[in-house]
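Note sheet for the following structure.
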Amino acid sequence: LEAKEEFEYSSLAVDVMRPRRADPALAVLTQEGMTVGEVETLVESTHYSGFPVVVSQESQRLVGFVLRRDLLISIDNARKRQEGVVSASQVVFTEHAPTQPDDAPPPLRLRGIMDLSPFTVTDHTPMDITVDIFRKLGLRQCLVTHNGRLLGIITKKDILKHMAQIANRDPESILFN
Ligand code: ADP
């Protein structure tokens, strides 16, 4: 048990977050520039419960977090009810609608479904602190940043898996590695 605690204290957010090295990149949405069709393709080609929203692919600055469920419901509703929202419509999470050519289809504004202050830790945050935050705030997921750039995500299940892995490890190997 002591060995387990020792290991737990020495792991950092970067050791638990996804994606791992070999995984596909983090699936993110940009705050503007993506079409309804592109967002639908991204959401439908993955099973993630949520998606970070960033300023741009280049900057990877975090803007917020949207739940898969809310995205699908909003797009579905907009397609049914909002005059003119089609696959080519731009999805915008910004406060103000972007300027578009006159002949562009109306944008779909989704700022309202975005969590504007998702919880974040840095890649170097010790896991004991991260676990404590999850427990105390009842988080489902938390985002990981480095110098203000989005790096990854940690879900409650990722933490449980990490803890199970530690529990299964040979205590000797933990103490002497
Ligand atoms: P859970 O961990 O409860 O199954 P998810 O289905 O959201 O929750 O996540 C499944 C796995 O994918 C987790 O390991 C998580 O860290 C990772 N993940 C979650 N969201 C994303 C995302 N947008 N891009 C890449 N990986 C993600």
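The values are calculated or read from the model by the stated rules, or taken from the named source; none is laboratory data. Because the structure is predicted, anything quoted here is derived from the model rather than measured. All accessible areas refer to the heavy atoms of the entire protein, side chains included, with ligands and DNA or RNA removed. Shrake-Rupley method; radii C 1.70, N 1.55, O 1.52, S 1.80 Å.
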To the nearest µm²/s, what D does Stokes-Einstein give for the chain at 4 °C and 1.567 mPa s, using the Kirkwood radius over alpha carbon pairs as Rh?
72 µm²/s
Residues whose modelled amide H sits under 5 Å from the amide H of residue 109, counting only those 5 or more places away in sequence or on another chain, are 92
If ligands, DNA and RNA are left out, what is the accessible area of residue 124 with a 1.4 Å probe, given in Å² to the nearest 10?
120 Å²
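Can you pull the Rg over Rh of the stretch 100-171, Cα-only, Kirkwood?
Reported Rg/Rh, Kirkwood definition of Rh: 1.20.
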Taking only the alpha-carbon positions of the stretch 14-59 and ignoring solvent, what does the Debye formula give for the base-10 log of I(q)/I(0) at q = 0.14, 0.18 Å⁻¹?
-0.38, -0.62
What is the diffusion coefficient of the stretch 52-130 in µm²/s, taking the Kirkwood radius over Cα pairs and the Stokes-Einstein relation at 10 °C with a viscosity of 1.306 mPa s?
109 µm²/s
Considering all projection directions equally, how large on average is the shadow of the alpha-carbon convex hull of the stretch 73-115, in square nanometres?
3.2 nm²
What percent antiparallel are the DSSP beta bridges of the stretch 1-93, to the nearest 5?
80 percent
Please give the calculated 222 nm ellipticity per residue for the chain, where each DSSP H segment of at least 4 residues contributes -39500 (n - 2.57) and the sum is spread over every residue; nearest 500 deg cm²/dmol?
-10500 deg cm²/dmol
Which residues' amide hydrogens lie under 5 Å from the amide hydrogen of residue 87, considering only partners 5 or more residues apart or on another chain, with H built in the peptide plane?
none
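Would you mind computing the Rg to Rh ratio of the stretch 7-84 from its alpha-carbon coordinates, Kirkwood style for Rh?
Checking Rg against Rh, the ratio lands at 1.07.
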